[in-house]
Amino acid sequence: MPVFTRAHHLTPVALLVVFGSAGCLGLIGNSSVDPGGKGGPAPLLATELPPPQFRRLTRVEYNNTVRDLLGDTTNPANEFSEDERVGGFESNSVSGLSQLQFDQYASAAKEMAEHVVSERMSDVVGCEPTDETCVGNFIGTFGLRAFRRPLTDDEKAALLALYQDGKTTWSASMGVQLVIEAMLISPQFFFLTELGEAPEADAKLTALTSYEVAQRLSYFLWQSMPDDALLAAAEEGALSNIEGIEAQARRMLDDQKAGQGVRSFHRQWLGLSGLSDLSKNAEAFPEWNVALADDMMEETMRFSEHVVLEGEGSLDALLSAPYSFVNGALAPVYGLDVTGDFQRVDFDPAQRGGILTQASWLTRTSATAEPSVVFRGKFVREKLFCQHMPDPPPDVDPDATSEERLANPVCAGCHTLMDPIGAGFGKYDAIGQFDALAQNPGFTVNAGPDDVPGSLSDVPALADALSASQGVKDCMTKQWYRYALRREEAKGDEALVQDLQATFTDSEGLIKDLIVAIAKSDAFRFVGIATN
């Protein structure tokens, strides 16, 4: 066991000493997930799935996890490098761990461990640092929560030896600090590993362990670590069948932390990250500032959380409900007379309805002074129709008008699909204000889903058409599927997605039912076999 200087972080070499090279990314499992709902076998829809992936916690997940693990509310991951995206959602599953990223984890781990020892020892550890028996128990219970699975005996022994070394060299408090820091800087903490059970011979799929299922559920629904009840369910084998998974998923959706997952999905799906960093023309929009942007974001987060978890629960309401939640600072954008904190307000249904008429999305899909027909049309195409729009050519003129883009044969193929949809939002300016005098060309939907009319008069008509469209329901199923798995659909997913789309339709577009169905799906409970 090495001796660490107090001025240094734990190094990667030290981590291998503490956890062992084999244990660094190993997992503890129990009996395989039973594909049947009641303890018996059931045929799987999936015959092939992508192999296991190693995904780092996103910044939001990291912040939520250290809050729930340590009571730390400083949001240290806000200073981390940007998250990678896959399928439109934050994933961190593509690139390996860089030195910069490791240094960021190491710095955060050191600061949080120091804070625990100096300020929150009794809350986190639960005893005096000199009580070696208690510290040994703490290593086991804290390790279970930090790694989302039980520690191995070797890991416990290595961490206890690290505590003893720190206690002998400096103090008992420093020993505890080194233990906490070691776990927070371990790949077991900031990576979500999903290796599954040891596969049977010639198998193409293997079940995730119960602890891996618990981890998937918690980061899907809560954007944070499993709670004690979920870890207990994993230990008892209650997540080894569909019924047990559904019971936990519904319990978790009834918990207030479910709002974190719903907010995260809609922030990413709507592309609202960075809203407060936007600049707007000061002469045209003197009211624009960071505080107003934050209020716009909070409105949409409250609205989506309410609709999915408390209100109607349907995609229809999300796209067309003529109400929202507005405070006094945001009210002038909507022409409302509201004072005080956020409160439910009703809109004129001829002007607004649903998430696409909220100021956050309308602002995000605008330039500094004018709304963008390209951004708004592109969103509808990609996020509601699931049609991929390629990036523009490198030599494109960014100042070209819509007419010029449509007349250019290089550009027209995509802009014929995007611009006529984006133009239909013309009555909403660059911060989402409604202008009754602005031109209203309506919507022209070229090559959309078969059940979306090719011509629509205004935004309420668009919202009604989107809400009724089977194509839009099918696309939203894919969006939630990508969010849950943090990957795009792959070979073997087609039958699973079609089954989920049918489930979503049968539920009349109830989003909670879709979420539970995804959690019960083969893709959520199984992974493909990694090949060398």
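The values are calculated or read from the model by the stated rules, or taken from the named source; none is laboratory data. Not measured: the values here are computed from a predicted model. Here the Cβ positions follow ideal geometry from the backbone for every residue, glycine too, while neighbour counts run over all protein chains shown. To get the accessible areas, we keep the full protein, side chains included, count just its heavy atoms, and leave off ligands, DNA and RNA. Shrake-Rupley method; radii C 1.70, N 1.55, O 1.52, S 1.80 Å.
Here are a few things to note about the model shown:
- Condition check for residue 135: touching a Ser or Thr at 6+ places or on another chain (Cβ under 8 Å) and assigned to a helix (DSSP H, G or I): no
Yes or no, residue by residue, for (1) within 30 Å of residue 118 (Cα to Cα); (2) modelled with pLDDT under 85:
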position	(1), (2)
33	no, yes
39	no, yes
42	no, yes
75	yes, no
82	no, no
91	no, no
101	yes, no
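- Test: residue 188 is more than 29 Å from the chain's Cα centre (by Cα) and modelled with pLDDT of 95 or more: no
- Per the conditions (1) open to solvent by 10 Å² or more (accessible area, probe 1.4 Å); (2) within 22 Å of the chain's Cα centre (by Cα), the sole criterion not satisfied by residue 327 is (2).
- Selection status of residue 279, open to solvent by 20 Å² or more (accessible area, probe 1.4 Å), touching a strand residue (DSSP E or B) at 6+ places or on another chain (Cβ under 9 Å), of a type in the set (S, T, N, Q) and part of a loop (DSSP other than H, G, I, E, B): no
- Filter result for the condition that a residue is of a type in the set (A, V, I, L, M), more than 30 Å from residue 336 (Cβ to Cβ) and free of Cβ contacts under 8 Å to residues at least 12 places away in the same chain, over 447, 412: 412
- Given (1) open to solvent by less than 10 Å² (accessible area, probe 1.4 Å); (2) assigned to a loop (DSSP other than H, G, I, E, B), number of the condition residue 312 does not satisfy: (1)
- Matching residues in the stretch 347-373 - criterion: being of a type in the set (A, V, I, L, M), open to solvent by 30 Å² or more (accessible area, probe 1.4 Å) and in contact with a Ser or Thr (Cβ under 8 Å, 6 or more places away or on another chain): 373
- Residue among 469, 457 that alone is more than 23 Å from residue 192 (Cβ to Cβ), small (Gly, Ala, Ser) and open to solvent by less than 10 Å² (accessible area, probe 1.4 Å): 469
- Wholly within the stretch 327-410, helices (runs of 4 or more DSSP H) carrying at least 2 residues that are modelled with pLDDT of 95 or more and touching a strand residue (DSSP E or B) at 6+ places or on another chain (Cβ under 9 Å): 359-364, 373-379
- Long-range neighbours under 7 Å by Cβ, at least six apart or interchain, first residue at positive phi within the stretch 222-238, second open to solvent by 30 Å² or more (accessible area, probe 1.4 Å) and among the hydrophobic types (A, V, I, L, M, F, W, C): 223/60
- Candidate set: the stretch 266-276, residues that are under 16 Å from residue 379 (Cα atoms) and polar (S, T, N, Q); chosen: the one least open to solvent (accessible area, probe 1.4 Å): 268
- Boolean, residue 287 is farther than 30 Å from residue 380 by Cβ, in contact (Cβ under 8 Å) with a residue 40 or more places away in the chain and surrounded by fewer than 21 Cβ atoms within 10 Å (Cβ to Cβ): no
- The one condition in (1) under 28 Å from residue 500 (Cβ atoms); (2) in a loop (DSSP other than H, G, I, E, B); (3) not polar (S, T, N, Q) that residue 472 fails to fulfil: (2)
- Taking every residue in the stretch 206-221 that is within 14 Å of residue 486 (Cα to Cα) and at pLDDT 95 or above and pairing it with any residue that is of a type in the set (Phe, Trp, Tyr) and outside any loop (DSSP other than H, G, I, E, B), at least 6 positions away or on another chain, the pairs with Cβ-Cβ distances below 9 Å are 216/524; 217/524; 220/483; 220/524.
- Of all residues in the stretch 481-532, those that are among the basic types (Lys, Arg) and farther than 21 Å from residue 192 by Cα total 2.
- Qualifying position, being β-branched (Val, Ile, Thr) and within 29 Å of the chain's Cα centre (by Cα), among 445, 472: 472
- Wholly enclosed helices (runs of 4 or more DSSP H) of the stretch 158-240 bearing at least 2 residues under 24 Å from residue 72 (Cβ atoms) and hydroxyl-bearing (Ser, Thr, Tyr): 210-221
- Taken as a whole, the stretch 61-72 holds at least one residue that is open to solvent by less than 30 Å² (accessible area, probe 1.4 Å), modelled with pLDDT of 95 or more, under 30 Å from residue 491 (Cβ atoms) and within 17 Å of the chain's Cα centre (by Cα).
Per-residue answers, yes or no, for (1) in contact (Cβ under 8 Å) with a residue 60 or more places away in the chain; (2) open to solvent by 10 Å² or more (accessible area, probe 1.4 Å):
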site: 99; (1), (2): no, yes
site: 104; (1), (2): no, yes
site: 113; (1), (2): yes, no
site: 117; (1), (2): yes, yes
site: 121; (1), (2): no, yes
site: 126; (1), (2): no, yes
site: 136; (1), (2): no, yes
site: 147; (1), (2): no, no
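- Single match in 307, 262 (criterion: assigned to a helix (DSSP H, G or I), open to solvent by less than 10 Å² (accessible area, probe 1.4 Å) and closer than 23 Å to residue 66 by Cβ): 262
- Residue count, the stretch 479-501 (criterion: open to solvent by 50 Å² or more (accessible area, probe 1.4 Å) and more than 19 Å from the chain's Cα centre (by Cα)): 4
- So residue 437, is it free of Cβ contacts under 8 Å to residues at least 60 places away in the same chain, open to solvent by 40 Å² or more (accessible area, probe 1.4 Å) and hydrophobic (A, V, I, L, M, F, W, C): yes
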